[in-house]
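> Encoded as structure tokens, here's the structure I'll be asking about.
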Amino acid sequence: DWLAGGLTDATRPFTPVALQVISRLLKANVSVRTEFDQSKVTPLVRLLSSGSPAAQQQAACALAEVAHVTASRAVIVEAGGIEALVNLLTSSVVGTSETAARVLGNLAREDGTTGGDAASAARRQHIVRAGGVKQLTAMLSAVSLGSAIVSRKMWELVAKVIGANPNE
């Protein structure tokens, strides 16, 4: 709570290192991930657009973990996360565009709940409308032949967003 409190307390400068700690806590501890509520998600989404390049990358890392929780996906979307993540797909900071793509992939997942399929489909359509597929395709075409694994993962993500079979 102390670290996450820095997300909403404007009097405490929140450093990329603190964001990295939050990201690692979320990755290592499922209960922390599920307790990461809207009051903590919204500032992370805000950092995607207004933070330093390092803070943007670490905020995306944290959101990649939070987006594993079905209930958090709607919060990320409502806070403007899809548009901010699509914008990060063109980042020149090493790893940021890939991390943004990972968050979008998690947002595109099926919810597996009653009514979840409609919510999942709506999020995928939102990604398409925000230009996500265009940016993901551009990232895919920029991958060198030596990066076959990255290329395959990117294609799987694009396929998931547009509802295609990645094996075709």
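The values are calculated or read from the model by the stated rules, or taken from the named source; none is laboratory data. Remember, predicted model here, so these are calculated numbers, not experimental data. Positions of Cβ are backbone-derived with ideal geometry, glycine not excepted, and every protein chain shown enters the neighbour counts. Ligands, DNA and RNA are excluded from the accessible area calculation, which covers all protein heavy atoms including side chains. Shrake-Rupley method; radii C 1.70, N 1.55, O 1.52, S 1.80 Å.
> Which one of Gly80, Gly105 is over 15 Å from Val161 (Cα atoms) and open to solvent by less than 50 Å² (accessible area, probe 1.4 Å)?
Only one candidate qualifies: Gly80.
> Under 19 Å from Lys27 (Cα atoms), assigned to a helix (DSSP H, G or I) and in contact with a Leu (Cβ under 6 Å, 6 or more places away or on another chain) - does that describe any residue in segment 105-119?
Checked segment 105-119: at least one residue is under 19 Å from Lys27 (Cα atoms), assigned to a helix (DSSP H, G or I) and in contact with a Leu (Cβ under 6 Å, 6 or more places away or on another chain).
> Given (1) assigned to a loop (DSSP other than H, G, I, E, B); (2) open to solvent by less than 60 Å² (accessible area, probe 1.4 Å); (3) at pLDDT below 90, where does Ala138 come up short, assuming only one miss?
Answer for Ala138: the failing condition is (1).
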